[in-house]
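Structure first, then comments.
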Amino acid sequence: MEIFDVAIVGAGPAGSACAAFCALAGLRPLVLEREKFPREKVCGDCLNPAAWPVLQRLGIAERVRQLPHAILNTVEFIAIGGRKVAVHLPSGEEGEVSIKRSLLDGLLLSRARGLGTRIYEETTVTALTAGANGSDWKIETDRGSVFVSQTLVGADGRNSTVARLCNLLPPPARERVALQAHIPLPSNFGDRVVLQFLPEGYSGQAPVNRDELNLCLVSKPSNISALRRWAGQRFGLQQDHPWRTITPLTRVALAPACDKLFLVGDAARVVEPFTGEGIYYALRSGELAAQAIVKIIGGNYDADPASDYAKAHAAMYRGRLWVNQMSRAAVLSPRLSSLLVHFARIRPGVLRLLTRKIVS
């Protein structure tokens with residue numbers, strides 16, 4: 001039976017970042033991932049400027065820039081009926097870019113592996129047992145493997161297995177569904193992100209390289225067929241075009257830490273996939289959890305590391321989650337959200353403020 005300093009369930013940006021930061025600090029991390037990389041995820045694929053400092057601390061910022069990507073200079077809001085308002089995004093080396101998740105996540109996982117992280121892909125966690133009095137975690141998998149770790153991290157997304165096995169996962173609210181696909185990039189699309197309000201919901205569109213467009217659709221379940229038909233007509237897609245899907249898009253936030261259990265990324269607080277902030281939250285929460293775990297393993301601390309992580313986690317989201325609520329309202333009341341675009345033609349500072357919150 002192998003013993004690790006930290007076991008991390010989920011190898012997305014949150015899990016891989018946590019593993020890499022733990023390894024950089026001299027710990028022995030384990031990552032358990034149910035899928036085989038590379039793989040795509042339902043995501044807006046946008047990497048906002050706040051993520052660059054974390055990537056620099058991971059030592060891979062330049063390697064990320066070398067991946068096929070698109071530079072995004074403008075976000076364009078389109079109201080029902082076609083009225084448009086454009087807002088410029090930060091420019092320069094640390095501006096907004098979009099990168100396919102298969103590439104970004106693969107690089108992050110490779111970085112964690114290169115630093116000495118033990119990684120098991122195509123491995124599903126089936127049981128978790130916490131030792132008495134806050135001692136080690138016992139982790140069982142569908143492959144029959146059993147691991148022991150001093151600390152445990154749930155980095156396995158909005159439907160977290162860790163949260164479920166620990167009886168923390170709340171009932172899902174399936175009021176909305178999201179679809180995402182990569183399609184051929186339309187000619188003259190430009191270096192913009194498009195957020196388009198529609199009677200059925202909304203669509204997010206962003207190029208991810210010279211040839212492909214990330215196309216996202218969000219609606220109530222009853223409207224998703226109509227929204228797919230719109231996408232087919234707008235972008236010339238076949239009726240049987242494959243889509244990736246996720247639900248729920250919102251969920252009650254969970255306490256991000258308790259003793260030697262940490263939740264990072266969407267496992268702790270679900271973020272709209274198309275606000276452009278999700279990858280940053282994943283990376284940064286993984287880093288914050290690693291800092292707390294290093295203190296626990298070292299045993300050299302005054303304040304409780306789990307409490308410190310919870311406070312830092314809350315501060316990371318403070319003043320930003322209203323953007324998440326606006327995205328939800330865009331589906332539940334698309335015509336009302338569309339009026340915001342019309343109003344912004346008169347008062348453009350409204351959308352500039354919204355955009356600045358997302359990319360800061």
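The values are calculated or read from the model by the stated rules, or taken from the named source; none is laboratory data. All figures in this text were calculated on a predicted structure; none of them were measured in a lab. With ideal geometry, Cβ positions are generated from the backbone for all residues, glycine too; neighbour counts draw on all protein chains shown. Accessible surface is based on the protein model in full, side chains and every heavy atom, while ligands, DNA and RNA are left aside. Shrake-Rupley method; radii C 1.70, N 1.55, O 1.52, S 1.80 Å.
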Residues satisfying the stated conditions in segment 160-188, i.e. touching an Asp or Glu at 6+ places or on another chain (Cβ under 9 Å) and closer than 23 Å to residue 288 by Cβ: 160, 162, 163
Read through the list (1) open to solvent by less than 40 Å² (accessible area, probe 1.4 Å); (2) at pLDDT 90 or above; (3) closer than 23 Å to residue 78 by Cβ; (4) in contact with a helix residue (DSSP H, G or I) (Cβ under 8 Å, 6 or more places away or on another chain), then give the number of the only condition that residue 267 fails. (3)
Mind listing whichever residues of segment 93-103 are open to solvent by 60 Å² or more (accessible area, probe 1.4 Å) and not in a helix (DSSP H, G or I)? 93, 94
Does residue 162 meet the test of being in contact (Cβ under 8 Å) with a residue 40 or more places away in the chain, in a helix (DSSP H, G or I) and open to solvent by less than 30 Å² (accessible area, probe 1.4 Å)? yes
Counting only residues that are aliphatic (A, V, I, L, M) and within 19 Å of residue 57 (Cα to Cα), which one in segment 104-120 is surrounded by the fewest Cβ atoms within 10 Å (Cβ to Cβ)? 115
Within the set of pairs 6+ apart or on separate chains, which have a first residue in segment 298-317 that is under 22 Å from residue 279 (Cβ atoms), a second that is assigned to a loop (DSSP other than H, G, I, E, B), and C-beta atoms under 6 Å apart? 310/256; 313/256
Name the single residue that is most open to solvent (accessible area, probe 1.4 Å) among those in segment 121-138 being part of a strand (DSSP E or B) and under 17 Å from residue 5 (Cα atoms). 138
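Does residue 290 fit the bill of being farther than 21 Å from residue 11 by Cα, of a type in the set (A, V, I, L, M, F, W, C) and in a helix (DSSP H, G or I)? Quick ask: steps written out before the conclusion?
Details: farther than 21 Å from residue 11 by Cα: no; of a type in the set (A, V, I, L, M, F, W, C): yes; in a helix (DSSP H, G or I): yes.
No: the conditions fail for residue 290.
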I want to confirm something. Restricting to segment 186-212 and keeping residues that are without any contact (Cβ under 8 Å) to a residue 60 or more places away in the chain and in contact with a strand residue (DSSP E or B) (Cβ under 9 Å, 6 or more places away or on another chain), which single residue is most open to solvent (accessible area, probe 1.4 Å)? 211
Exclusive hit being out of contact with any Pro (no Cβ under 7 Å at 6 or more places or on another chain), modelled with pLDDT of 95 or more and small (Gly, Ala, Ser), set 204, 236: 236
Among (1) buried (at least 20 other Cβ atoms within 10 Å of the Cβ); (2) at pLDDT below 65; (3) touching a helix residue (DSSP H, G or I) at 6+ places or on another chain (Cβ under 6 Å); (4) under 24 Å from residue 12 (Cα atoms), which single condition is residue 323 missing? (1)
Answer yes if at least one residue in segment 176-195 is assigned to a loop (DSSP other than H, G, I, E, B), closer than 24 Å to residue 129 by Cβ and not β-branched (Val, Ile, Thr), and no otherwise. no
Need a quick list: strands (runs of 3 or more DSSP E) entirely within segment 1-84 having at least 2 residues that are under 26 Å from residue 215 (Cα atoms) and open to solvent by 20 Å² or more (accessible area, probe 1.4 Å). 74-78
